[in-house]
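Peer 1: A single structure is presented below for examination.
Computed from the coordinates by the stated procedures, all read-outs in this text should not be read as laboratory data. Values in this document were obtained by computation on a predicted structure and should not be read as measured data. Ideal geometry is used to build each Cβ from the backbone, glycine not excepted, and the neighbour counts take in all protein chains shown.
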Amino acid sequence: MTMKIKVLYFAALREALGSSGETVELPEGATTLAGVRAVIAGRGGAWTALAQMKNLRAAVNQRMADPDDAVTDGDEVAFFPPVTGG
Amino acid sequence: MSVSVQQADFDIGAEIDALMAGRGDIGAVATFTGLVRDMNEGSGVTAMTLEHYPGMTEAALADIVEQAKARWDILAVRVIHRVGTLRPADRIVLVVVAGAHRGEAFAACEFIMDYLKTRAPFWKREDTPAGSRWVDARESDDSAAARWQQD
């Protein structure tokens, strides 16, 4: 079964990728946040920014998440640089 | 609503009044206001644009407020964070904490700001004479947040 998730990009990462978000179909075996990141960075070109950006943070369903956290069908995943509000 | 993310400016006095309305149990109100500076990392700043993650931002702020309420005996909290383009001296963020006594109010106000700085999804981009740049996260913000961690 293929999983479809929504992926969002913010701030400097959004600019580096030239995209604020997309729907991604995950290949079998990509079941964690780290897996999702590797799949998208694996497209090459500008997408490698996702692998190279230092201290990249992520959220699953709008909660801060760790690389090992599970991603399942229909999830909303977001990648972004460390936050700088306040 | 104790948490707002908005483009509009806020009135600190009006926010305090609203928090206190109809109650007589508040003995202390601590507030923090963050402002846009005209200088950062050695260059002049002419404008700042704040991006955020709609939905998650509000949820993260509400979660931080809940954590503060669980840790300190505080009576009311108000957090406002602005987004969009701001100029030097503009207000960015407001935290108001009301309690029976000053100790809890001061501590909770500082805790909320420290956690907001490291956990709420906002990103600052500043315009300088040399062009526009994303503001880097500071390690000092991480250590400020870390000192509140309990084992």
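Peer 1: Please give the per residue volume of the convex hull enclosing the alpha carbon atoms of the range B:5-151, rounded to a whole number of Å³.
Peer 2: On the way: hull volume 16.9 nm³, N = 147.
With only Cα atoms used, the range B:5-151 gives 115 Å³ per residue.
Peer 1: Extension gain B:ALA89-B:ALA146, at 0.36 nm per residue separation less the Cα-Cα distance, in nm?
Peer 2: On the way: separation 57, 0.36 × 57 = 20.52 nm, distance 2.89 nm.
Full extension from B:ALA89 to B:ALA146 adds 17.6 nm.
Peer 1: Measure off 7 Å from each Cα along the Cα-to-Cβ vector at B:SER2 and A:ALA70, then give the distance between these two points in nanometres to one decimal.
Peer 2: Those two pseudo-labels are separated by 3.1 nm.
Peer 1: Over the range A:9-80, consider all pairs of different Cα atoms and compute the Kirkwood hydrodynamic radius from their mean reciprocal separation; express it in Å, one decimal. Walk me through the numbers on the way to the answer.
Peer 2: Numbers: mean 1/r = 0.0819 Å⁻¹.
Taking the inverse mean of 1/r over all distinct Cα pairs, the range A:9-80 comes out at 12.2 Å.
Peer 1: Report the residues of the range B:54-88 in range of a label on B:ASP25: point 7 Å along Cα→C-beta, backbone N strictly under 17 Å from it.
Peer 2: B:69-78
Peer 1: Relative contact order for chain B: what percent, with Cα pairs under 8 Å and sequence separation of 6 or more? Walk me through the numbers on the way to the answer.
Peer 2: Details: 269 pairs, mean separation 49.4, N = 151.
So the answer I get is 33 percent.
Peer 1: What does the highest-first list of B:59-67, B:31-39 look like by mean Cβ count within 10 Å?
Peer 2: Top of the packing list down: B:59-67, B:31-39.
Peer 1: Taking the Cα centre of chain B as origin, work out the dipole magnitude from +1 charges on Lys and Arg Cβ and -1 charges on Asp and Glu Cβ, in debye rounded to 20. Please report the intermediate quantities before stating the final value.
Peer 2: On the way: 16 positive and 23 negative charges, 21 e Å.
That gives a dipole near 100 debye.
Peer 1: Before anything else, pin down the relative contact order of the range A:9-80: Cα pairs under 8 Å, at least 6 apart, normalised by residue count, whole percent. It would help to have the intermediate numbers written out before the result.
Peer 2: Details: 92 pairs, mean separation 26.0, N = 72.
Reported relative contact order: 36 percent.
Peer 1: Right, something else. So what's Rg/Rh here for the protein assembly as shown, counting alpha carbon atoms and using the Kirkwood radius for Rh? Display every interim value, and only then the final one.
Peer 2: Numbers: Rg = 19.4 Å, Rh = 19.2 Å.
Answer for the protein assembly as shown: 1.01.
Peer 1: Ok, one more. Under a Cβ-Cβ cut-off of 11 Å, what is the net charge of the residues other than B:GLY44 that fall near it, where Lys and Arg count +1 and Asp and Glu count -1?
Peer 2: Values: positive: B:ARG37; negative: B:ASP38, B:GLU41, B:GLU126, B:ASP127.
Summing Lys/Arg as +1 and Asp/Glu as -1 gives -3.
Peer 1: To continue, here is another question. Quick check: convex hull over the Cα atoms of the range B:61-142, volume per residue in Å³, rounded to an integer? List each step's numbers first, then the result.
Peer 2: Working: hull volume 8.9 nm³, N = 82.
Hull volume over Cα atoms, normalised by residue count, gives 109 Å³.
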